[in-house]
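The values are calculated or read from the model by the stated rules, or taken from the named source; none is laboratory data. Quick caveat, the model's predicted, so the values are computed rather than measured. Positions of Cβ are backbone-derived with ideal geometry, glycine not excepted, and every protein chain shown enters the neighbour counts. Quick note on the areas: whole protein, heavy atoms, side chains included, nothing else; ligands and nucleic acids left out. Shrake-Rupley method; radii C 1.70, N 1.55, O 1.52, S 1.80 Å.
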Amino acid sequence: MRRAGLAGLIMFFMLLPWNTAWAGPSEGGLLSLLPPQEATGALLTRGGFAVMLAAAARIKSEGDDPVLPADVPADSWYAQALQALWREGYIQGYPYGQLRPEQEITNLEAAIMTARALGLPNEINAPNDELPPQKDIPYGFNQYAFLQRHGLLPPGDPMAVLTPAAAAKWLAEVFSSDARAKDLVEKCRQALAAQQKIATRGKIGLHLKSRPGLPFTEEIDRQAVTGEVVSEVVLPGQVYQAVNFKLEGGKTLHLEQFAENGSLYRRIAENPGQSGEWEKLNRAPDVTYVMRQQQNLGLPAGLFPYLRYRFLGTSRIADQEVLGISFYTRTYSPSWPGTSPVPFFPGEGLGAYFNQPPQPIRSLSYWGVIYLEPRTYLPVKSGVNLIMAFNPPNPGQPAPVAAMELYYQVDVYRFR
């Protein structure tokens, strides 16, 4: 892997465009989309949930002639919603090409369909967190774990049947934002903005998920980077960072850099026991900008208006009381500006795939959790996942990568 590959990928993600923020659906508005007998019934069908999910996530059908499996009547009240979800892969059906629209929907099915609509493909990893999901999940384990971590599960047991009222209430919450949580995040950013020094210790990781059965599957699955990161930013002009990477095949890479007197110094060691030689680069980064990134929890500043927030309640980390907040957003059909600065991959086929314009990106989404000290609102721990999902391959076009995940977890914060 090229030394600058991971840094280039992270910087690329920081510059991606985002969709317009919106207020989100209402519980009553979602229920009103169902026929009266369905809205007032005790149990919700898969067709009824599809109608509400398509509206809540603003997923529209294309054209007036839905192309659907045979068990979905084209003139049914849920046909267009199912067509929209089917086209995007958010509902994937049963064997023999059935969607079973009149079948009652379970909490687990609803959670998995909603997770896909929120940008969590089937191939993602379970979140790197101390909150384990329930162990009786027969499928969709990792997506269920993501929703659990962010307090976004529908009420009740995974295999319980969802009611229309509960589904409308839950979807309205998932696709809206918690005012208290949003206020806490803003207070956190204000508290961070008052700091002259922010030091962190944590972990990073980059994983690719292949689409099974296609070319380069094994090659893709080998591409994974994990690392431990220590960084410190001190105003007006000091930056220090050290990263220990673990690469494919047990290889390691140590990168250390610091800014001093307007210059950036860096050394890289590719083998254990080596220290590497310091080299002076042309110009140091703008320390004020680097500090601003720390104050924004490592997120692009322009992203905050588009985040949805959930208050996770009070818990304890290392005998310290903390307030938990989750945040998440997804952008649909993002543009890919220019050549992709993804890490280097061996093999002509995979390299050619990543250098195709345009890239077949389905969505980009951020998922994060932050724990705050209740009196100062300064972070105690945080974690952010960035997930890029790719469209299925079209005939004659290679698309072996199903998803790409990047995560950054801060386990220790220090301030001044």
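Data for the structure
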quantity	calculated
Cβ crowding within 10 Å averaged over residues, with 293-299, 148-154 ranked highest first	148-154, 293-299
Extended-chain gain in nm, criterion 0.36 nm per residue less alpha-carbon gap, GLN92 and THR226	45.0 nm
Where region 65-116 is the region considered: accessible area per residue in Å², 1.4 Å probe	44 Å²
Residue list for region 275-304, given a label point 7 angstrom along the Cα-to-Cβ vector of THR252 and an amide N cut-off under 18 Å	275-277
Protection-proxy order for peptides 120-126, 407-413, each taking the mean of Cβ atoms within 10 Å per residue, highest first	120-126, 407-413
Solvent-accessible area per residue, Å², over region 165-307 with all protein chains present [probe radius 1.4 Å]	51 Å²
